[in-house]
Structure formats: C-alpha cells, structure tokens
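Trainee: The structure is given below, and queries will be raised subsequently.
No value in this document is a laboratory result; all are computed from the given coordinates. Note that this is a predicted model, so its numbers are computed, not measured. Reconstructed Cβ throughout: ideal geometry from the backbone, glycine too, with neighbour counts over all protein chains shown.
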Amino acid sequence: MLHLNKITFFAFCVYILFAFSCTQESTISKNQKELFNILEKEKSNPQTSFSIINQIADSYRYQNDNKSLILFLTDFVEKNPENPYNSYWLLLTAYTYIQENANSVAEYYFDRIIQNYDDLIVKGKSVHVLCLQNLIQISTSSDNRIYYFNQLITRFPDEVNITELYMRQAIEYEKIGDWEQALNTYSLFLERPDATTIQIAGIPDAYNRARKLIDFNNSPKDWTFESLEALEKAVKNAIARYSSTLLDKYRSKVNFFAMSWKQEETDTNSQKIFSMKDYMRGNRIRYTAKLDESSNPNEAYLRTTGWSQYINVWYLYFRKVNFPLDPEIHGRWEWAGIYFGEKL
C-alpha cells in the first residue's frame, strides 16, 4: 500500500508539472497572439513596433525556438522594407544563426547589413560596428577580414583600438602574401603611441614582432649565407683563425640575441650589441666537429667552449631566413644568436 501511495504521489507530481507546463505554453501562445495583433496595427509606427517585435523575439528565445524566431524576423523585414530598424532585426537574425552554429549564414546577414543598410545606433551601440566585429571573428577569408579591418579603422576610429587592428590586419596581409602592405601596416602599428605596451590576445609581444620585421626589411642583410653548410664553414674558420673581425661580420646585425636557455628572445636584456673580441682575447675557443643533433632543416646549433670562465659553453644559433618579401634573401641562413650554457 505504501508503495502504491508513492507511485500515486509521483504520478500526481508529474501531472501537476505537465499541467503547469501546458499552462505556461498556453499563456505564452496567448501573449504572442496578442502581440502579433498589436504589431499588425502598429507596424507603421516604428517606435511602438520596435518594442513589440523585441517582446515577440524574447518569447521565441524563452521557448528556445530559433527557427520560428528567424522566420519571424526575416519575414517582417521582407514585408516592411521601409522599417528603420530592419538592420537591427537582421542583426538579431545573424546572432541567432551563430547560436545555431551556422556561421556562414550569419556571415551573409552581417555582410548584408553592412552593404545594404545605413548604420543604426541601438541601445548606444553601432549596428555596423557590431557586424564588422562579428565578421572578423567568423570570416574564413583573409581578404574579407582585411576589408572589415579597414572599415573599422576608417569609419569608426573612436570606437575601436586602432593599434590592435593594425597588428591583426598586418598578419592577414602576411597570410595572403601581400608583404608590401604587411610592412606598411606594421609600420603604422609601430607609429602608434601605445605600440610598445599593448597586449593583444593571441599575439604575444606584438611590438617586437613588428619591430624585427621592419628592422630586417630596412637592413642590408649582407650577413646572410646561401646555405647552412656555408655559414657553418665560415664561422668555424673564423673561430679557428681567432678572427673576431670575421665573427662580427658574420653575425646578424638585426635582432641578434645572447641569452640563457631559460630566457625568451623577446626579453629586453637578451638583445646584445657587443664585439666577439671581448671574449676571444686570451681564451682557447673550441667547437664540435658536427652541429648539435637537435638541429633541423630550419634551425641549427653549434656547440663551442672556452669563451669565459663564468660560462664556458656557448651554443651558436643558426636559422633559415623567413622573409618571402625578398626571394633572394628568403631561405638563406643567418647566425641569429647565442645561447649560454649547456642545453636544458
């Protein structure tokens, strides 16, 4: 009997929940009908219809009925082409498609607003700015993102961080191989007053990235070698001859670093300007016959000893030049830095 009472009580609870749910749905449906009736009468009044449409949209969201919400918004825009808030309704449509993981369709609506509708300020925000920001996030085309960055920079300079946009745009130019525009944009980034301090998500040490590329572009690049073998032979020969003059000639004149293995190349105290003569006089410098086994097609390490009583071991770091802007330089090799101490 007790068991039956539990079942009966459970069934009663389910009935109450079902009845409550049905009542809610019935209430929502009734409210929607009333709102649609009011909208039909007030659709020629933009201010009043704006509030009503938002309420209808909220009711669809409450029901998690994105399909009906999209149909409602797009149908209203199509039937009321003169409504001044149509760009906003299409914005809500695009957001809804993003929720449905249909980014390509959302991109179509964001772009449609930019191309076909005047900007609109709703709740203190520019619809065009919101569209452009979303387009940059979801677009898979670098060409398109470059266009969107330009739109934000030229049309809305007071509403965006131009310094960050220059950096992101320069990277997009790199992706499509337009190095001339990439360098121009990196230069614009470096001219910004906050370039040295800005923190950009996903782009660590943006300033040094731009600075190195620009400095390398402006340099003679006359220290590069045609191959790793040629660079290795020249450096070893200079060490064997104890010629600090040759070593200073062979090392990179831009972005050369000298640091411990634990440091980052971007550390301010890792950039070194010195003469190898300061470390060769009176010392017995030696190098291994072969490059370190960790070397690869793009990087190589030559272990040397005898430079200092404090740090005896130095690894000379060679790397392949990545500079597609100049085919004669791209793919050559440079002595780019020194790592102090044994490898970790």
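Trainee: Distances over 19 Å make up what percent of all Cα-Cα pairs in the range 43-154?
Mentor: Working: 2808 of 6216 pairs.
For the range 43-154, the fraction of Cα-Cα distances above 19 Å is 45 percent.
Trainee: Turning to a different aspect of this structure: Rank by packing, highest mean first: peptides 249-258, 90-99, with packing defined as the count of other Cβ atoms within 10 Å averaged across residues. Don't skip to the end; give the middle numbers.
Mentor: On the way: 249-258: 18.0, 90-99: 20.3.
Top to bottom by mean Cβ count within 10 Å: 90-99, 249-258.
Trainee: Determine the principal axes of the Cα atoms in the range 94-157, then give the extent along each, sorted from largest to smallest and rounded to whole angstroms.
Mentor: Extents along the principal axes: 30, 28, 18 Å.
Trainee: Right, next: Scattering from the C-alpha atoms of the range 168-229 alone, worked out with Debye: what is log10 I(q)/I(0) at q = 0.18, 0.19, 0.24, 0.27 1/Å?
Mentor: Taking Cα atoms of the range 168-229 as identical point scatterers yields -0.70, -0.76, -1.02, -1.17.
Trainee: Given the convex hull over the Cα atoms of the range 231-344, what projected area results after averaging over all orientations, in nm²?
Mentor: That works out to 7.4 nm².
Trainee: Next up: In the chain, which helices (entire DSSP H runs) extend 30 Å or more along their own long axis, judged by Cα positions, while averaging at least -0.5 on the Kyte-Doolittle scale?
Mentor: 2-42
Trainee: Oh, and also: Based only on the alpha carbon positions, what is the Kirkwood hydrodynamic radius of the range 125-262, in angstrom? The partial results should precede the final answer.
Mentor: On the way: mean 1/r = 0.0565 Å⁻¹.
So the Kirkwood estimate lands at 17.7 Å.
Trainee: Which value, in debye to the nearest 20, gives the size of the charge dipole of the chain about its Cα centre, when Lys and Arg are +1 and Asp and Glu are -1 at the Cβ? Could the numbers behind the result be given before it?
Mentor: Values: 38 positive and 42 negative charges, 309 e Å.
So the dipole magnitude of the chain works out to roughly 1480 debye.
Trainee: Normalised by the residues of the chain, what does the relative contact order come to in percent, with Cα pairs under 8 Å and at least six apart?
Mentor: So the answer I get is 9 percent.
Trainee: Related question: Under 1.5 on a/c is rounded, so check that first for the range 124-170, then, if it is not, pick prolate when a/b is larger than b/c and oblate when it is not; a ≥ b ≥ c are the square roots of the alpha carbon gyration tensor eigenvalues.
Mentor: Note, shape of the range 124-170 comes out oblate.
Trainee: Which Cα, out of Ala230, Tyr279, Pro84, lies furthest along the positive dipole direction of the chain (beta carbon charges, K/R +1, D/E -1)?
Mentor: Tyr279
Trainee: Nearest-5 percent of antiparallel DSSP beta bridges in the chain?
Mentor: Antiparallel: roughly 80 percent of the beta bridges in the chain.
Trainee: Go through Lys212/Lys236; Lys221/Lys277; Lys212/Lys249; Lys175/Lys233; Lys175/Lys253; Lys233/Lys277 and tell me which ones have a Cα-Cα distance over 25 Å in this structure.
Mentor: In this structure, Lys212/Lys236; Lys175/Lys233; Lys175/Lys253 exceed 25 Å between Cα atoms.
Trainee: Same structure, new question: As I understand it, the dipole of the range 133-184 uses +1 on the Cβ of Lys and Arg and -1 on the Cβ of Asp and Glu, about the Cα centre. Which of Gln137, Leu152, Gly177 lies farthest toward its positive end?
Mentor: It is Gln137, whose Cα lies furthest towards the positive end.
Trainee: Roughly how many debye, to the nearest 20, is the charge dipole of the range 22-148 about its Cα centre, given +1 on each Lys and Arg Cβ, -1 on each Asp and Glu Cβ, and no other charges?
Mentor: Rounded to the nearest 20 debye, it is 220 debye.
Trainee: Among Thr304, Thr93, Leu344, whose Cα projects farthest towards the positive end of the dipole of the chain, with charges put on the beta-carbon of Lys, Arg (+1) and Asp, Glu (-1)?
Mentor: Thr304
Trainee: Another question, then. What dipole magnitude, in Debye to the nearest 20, does the range 111-217 give about its Cα centre under +1 on Lys/Arg Cβ and -1 on Asp/Glu Cβ?
Mentor: Dipole magnitude for the range 111-217 comes out near 240 debye.
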